[in-house]
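Working notes for the structure below.
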Amino acid sequence: MGNLVINRPLNILQEVDRLRVEQQVIDFFERTGIHLIAGGAAGEWTFTDAALTSLLDGTFDLDTDTFLVALFLSTSNLGTGSTTYAAVTNEHANANGYTTGGVNIGALTLSGTSTVTIDDPADVVWTASGGSIIARFAAIYESAGNVLCFCLLDDAPADVTATDGNTLTIQFNVSGIATLTQV
């Protein structure tokens, strides 16, 4: 199959619409005049139900917390209701070039003033060795264990496979993982 590169931007605007039940989050954005923008193709990063609240109450500190990216199988329970990494089932096995827990991406970077871009310093790459790496989902979570967001790796949805000797790369959108702007 060859090397896989997955480019998934975080579509915060869709997530804000989906999370309207989190009225305190919506009220905060309306009071402060902050508008969220992002965009891209199918398979965008999706916030968990608690992620925006966790950003606002300080549970997540994007530029100081340590974050990881992990891979999960099609049988995983990963979804909008996920709260902690420990509660998510069916991560890819600790084998074939994948280490349980995923890849440490460190702190995310923030840049800008009236428009703030959230980004990761580097793409995430796994090289299959001794067998294939197969996954349906990727999740970004903080080292303390709370899930920030997740994405489907293929918008069909279907599993993606990096065969022995090939790489699976999650390439973050060139515009950043997400962008916040005040208008």
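What follows draws every value from the coordinates through simple rules; no lab data is involved. These numbers come from a predicted model, not from an experiment. Note that each Cβ is placed from the backbone with ideal geometry, even for glycine, and that neighbours are counted across all protein chains shown.
The residue of the stretch 39-68 that is surrounded by the fewest Cβ atoms within 10 Å (Cβ to Cβ), among those that are aromatic (F, W, Y) and in contact with an Asp or Glu (Cβ under 7 Å, 6 or more places away or on another chain), is F67. Counting the residues of the stretch 134-143 that are in a loop (DSSP other than H, G, I, E, B) and buried (at least 20 other Cβ atoms within 10 Å of the Cβ) gives 1. Scanning for something within 18 Å of the chain's Cα centre (by Cα), over 16 Å from E44 (Cβ atoms) and part of a strand (DSSP E or B), does the stretch 173-180 turn up at least one residue? No. If the condition is being within 12 Å of the chain's Cα centre (by Cα) and surrounded by fewer than 19 Cβ atoms within 10 Å (Cβ to Cβ), then the stretch 69-79 contributes only G79. Scanning the stretch 49-84 for residues being free of Cβ contacts under 8 Å to residues at least 40 places away in the same chain and assigned to a loop (DSSP other than H, G, I, E, B) gives a total of 7.
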